[in-house]
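Below you'll find the structure, written out as structure tokens, and then a few comments.
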Amino acid sequence: MKVHIKFLATIREITGEPEIELEIHSGDTVEAVMRTLEHRYGIELKEATTGTTAGGIPKIRILVNGRDMEFLSGLETELKAGDVMVLIPPVAGG
Amino acid sequence: MPGGYTGKILEVDLDSGELKDSPLDEEMAKMYLGGKGLGLKLVYDEFRSDMQPFDPDNLLIFATGPATGQKFPTSGRYHIVCSKSPQTGTVGSGNSGGKWGPFLKFAGYDAVIVRGISKEPVYLSIVDGKAELVPAPELWGMTVHAVTDELTERSENLKKTSVACIGPAGENLVPFSGIMNDKYRTAGRTGLGAVMGSKKLKAVVVSGSQRVEPANRELMEDRAIESMKRIRENPITGPKGGLHTYGTAVLVNILNESGAYPTRNFQEAYFPDADEQSGETLVKKYLTGRGGCWGCPIVCGRKSDVPDGPYSVRDTEGPEYETIFAFGSDCGITELDALIKANHLCDELGLDTISMGGTIACAMELVEKGKIPPEKLHGMNLRFGDPGSMIEAIWRTAYRAGIGADLALGSRALAEKYGAPECSIAVKGMELPAYDPRPIQGIGLNYATANRGGDHVYGYTISPEVLGLPEKLDPYSVEDKPRWTILLQDLTSAINSSVVCLFTSFALGLPEYSGMLAAVTGFDLDADKLLKLGERITNLERLMNNMYGLDRNEDVLPKRLTEEPIPAGPAKGQISHVPEMIDEYYRLRGWVDGKPTEGKLKELGII
């Protein structure tokens, strides 16, 4: 089954593409998809999405169908066909 | 006089032409700091509950704060207040960056109070402590950029001169016209430009070299260095951070993917083509450079250029996120070049982009629903998704030409006139900003309760609810949102009275702000005392609105947002729960039915 992955801001600069469709297996979680993406885009993506910045801000926020995964099941959130996962680095505006 | 202040206020009477210096009241400075707080207190001291927006004694006050012009990051800002807004019927209020604020201080003043109505158009010149009113009939009718160039060229020191002015929209009393400074910076909201226009005051030119000493220079510089370090190391505000790289428009995709990007006059909350008008696309297609306000290390401003095509415009600035939403998704329009053009026109004509876009979106819905008949449009094809008609609507509004006379009413009166008040997406008559409150509960509460009407920056709960700063709150939940809304509203009152940029709050907190202000002024301030000061300012503004007759009946969202669930997209089915939160908000505030109690006002030292 397929899910949509969207990359915003500096994450998009690493992937070189704004969004992809990804084939996943039934029961795959956000964490599994992140491992697949790290394999596909390399160490630069891994470094940009792991841990926190100097100010203690998480380097990545992940939405699944519009909801921050922390309000779902975190990295254990299971994905299903047609789901949209969005990777957001620390940004803000107003 | 405490550090950070010149100790002088310039009073301008346009009826008599008299100019005089008044001393800044030290106790007032201690209680209300400067900027917004000082402006509100000066209005309160001459308050009249039957004030009308274009009465001569509707005060127009330009106010700096103790931080303005100091060597503290983002201290290039100032605040403008008027006694009564022509748009909302509340006290009017707006904040702006650029360099005008510090240059007023260098010209020798903490604030300027303007009263009266001039018989003929004038501008006010303040150069190194010398103020004069200059007849200027030849400037009346000029656009913002033209009059800014003209008055800058007349000055003796071009590089140290800054111009705040109105455009044709302010002259024509459009109730959502702004006061522009340095061409592209705007105190945009609540129709301050119309109040300035009613006074026949075209511009205020400031220039000077009078630096103001902080109370403790060494301590202030230490604290400035510490804050600068935090700002530079922060991934959002730092030199390679999100704000610098993408500008505020980086929010387009984030809000859209959250299902909270208002579309087609808030009828929807997801815009399929959002990426084409995003900050990422702006950088790729139209960005030519970046620019910042005086003393700002963040540099979030955009320089943009559309070299050809139907919406070509050369070497302009912007657009910001709010503007992209207002003329873009909210009008069902995708084309980013048209949005850049629309932004440029508003800067030239002196219009608030949020209210202009929201009013056009309202009109588009009224046309779609057959409420505005075709004969009223004189051939104009005012429909969602039509960039040409959107741009035409802007200049028509500024000049009240044809249907523009109706658009210049603002969405509330426009929708009422055509028998569909539900099509106005506004609070207290001010059109809502770029966050659909149905899936973001806190921002809805802020829209409903913000003293100046439908506002996002007086209590930016988007920060915790959408951006996860300083901690993540579930945007769908109402839990603890009244407390957060109050905290952010009072913090912002303090920031707007300091005056520094709200964007520093992504990296700094109350301890940094209070530490800096204590070093600049010498006042006994800490985090708690500064927050209390902010609460005092929020309550004073609320008190005056109450005296104008506003109460809980005006603290409401449009029915669309509390009764009509989002029809599609990531946040499908969500509605705003403001009615469930408002009583808890009042309880925590110490208010009854939207009014501070006598006990609360005494506790805060307001009465």
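Just a few scattered comments:
- Mean Kyte hydropathy of -1.0 or more with a Cα span along the axis of at least 27 Å, helices from DSSP in chain B: B:527-547
- For the residues A:Ile20, A:Ile11, A:Ile60, a GNM of chain A with alpha-carbon springs under 10 Å puts the largest fluctuation on A:Ile20.
- Shape class for chain B, computed from the alpha carbon gyration tensor (a ≥ b ≥ c): rounded, with a/c under 1.5.
- Segment A:His25-A:Glu70, extension gain: residue separation times 0.36 nm, minus the distance between their alpha carbons: 14.0 nm
- Counting Cβ atoms of other protein chains within 10 Å of each residue's Cβ and taking the mean over peptide A:18-24 gives 1.
- Counting every other Cβ atom within 10 Å of each residue's Cβ, B:Ser258, B:Ser227, B:Ser177 order from fewest to most as B:Ser227, B:Ser258, B:Ser177.
- Exposure proxy ranking for B:Arg189, B:Arg396, B:Arg290, based on other Cβ atoms within 10 angstrom of each Cβ and starting from the fewest, stands as B:Arg290, B:Arg396, B:Arg189.
- Arranged from fewest to most other beta-carbon atoms within 10 Å of their beta carbon, B:Phe54, B:Phe506, B:Phe325 become B:Phe54, B:Phe506, B:Phe325.
- Expected 222 nm ellipticity per residue - DSSP helices of 4 or more, -39500 (n - 2.57), all of the protein assembly as shown, to 500: -10500 deg cm²/dmol
- Whole-Å distance, taken between Cα centres, linking region A:1-19 and region B:233-268: 16 Å
- With bins 10 Å wide beginning at 0, the percent of Cα pairs of the protein assembly as shown falling in each bin runs 3, 16, 27, 28, 18, 6, 1, 0.
- Local charge for B:Gly468 was computed over the other residues whose Cβ lies under 12 Å away, with Lys and Arg +1 and Asp and Glu -1, and equals -2.
- For region B:497-509, putting each phi into the Karplus relation 6.51 cos²θ - 1.76 cosθ + 1.60 with θ = phi - 60° gives couplings of 9, 7, 9, 10, 7, 4, 5, 5, 5, 6, 10, 10, x Hz, in residue order, rounded to whole numbers and with x for Gly and Pro.
- Overall, the anisotropy analysis places region B:8-207 in the rounded class: the square-rooted eigenvalues a ≥ b ≥ c of its C-alpha gyration tensor yield a/c less than 1.5.
- Local electrostatic count, B:Thr64, Cβ distance below 10 Å [Lys/Arg +1, Asp/Glu -1]: +1
- Region B:151-189 and region B:273-327 have Cα centres separated by 20 Å.
- Taking each of B:Lys84/B:Lys202; B:Lys105/B:Lys602; B:Lys36/B:Lys428; B:Lys36/B:Lys303; B:Lys105/B:Lys240 in turn, the alpha-carbon distance tops 22 angstrom for B:Lys105/B:Lys602; B:Lys36/B:Lys303; B:Lys105/B:Lys240.
- Sequence ranges A:22-31, B:56-65, B:1-10, A:70-79, ranked by mean other-Cβ count within 10 angstrom, highest first: B:56-65, B:1-10, A:70-79, A:22-31
- Approximating the spin labels as points 7 Å out from Cα along Cα→Cβ, the B:Glu153-to-B:Val134 distance works out to 1.3 nm.
- Principal-axis analysis of the Cα atoms of chain A puts helix A:30-41 at an angle of about 70° to the longest axis.
- Average beta-carbon neighbours from other chains, 10 Å sphere, peptide B:235-244: 5
- Cβ neighbours within 10 Å from other chains - mean over B:248-261: 4
- With an a/c value of 1.5 or above and a/b larger than b/c for the gyration tensor axes a ≥ b ≥ c computed over the alpha-carbon atoms, region B:244-424 is described as prolate.
- Centroid-to-centroid, using Cα positions, region B:457-509 and region B:554-574 are 22 Å apart.
- Cβ-based net charge around B:Gly76, under 13 Å, with every Lys or Arg adding one and every Asp or Glu removing one: +4
Only the coordinates and a few stated rules stand behind these numbers; no lab work does. What you are looking at is a predicted structure, and each value in this text was computed from that prediction instead of being measured. Backbone-built Cβ (ideal geometry, glycine too); neighbour counts: all protein chains shown.
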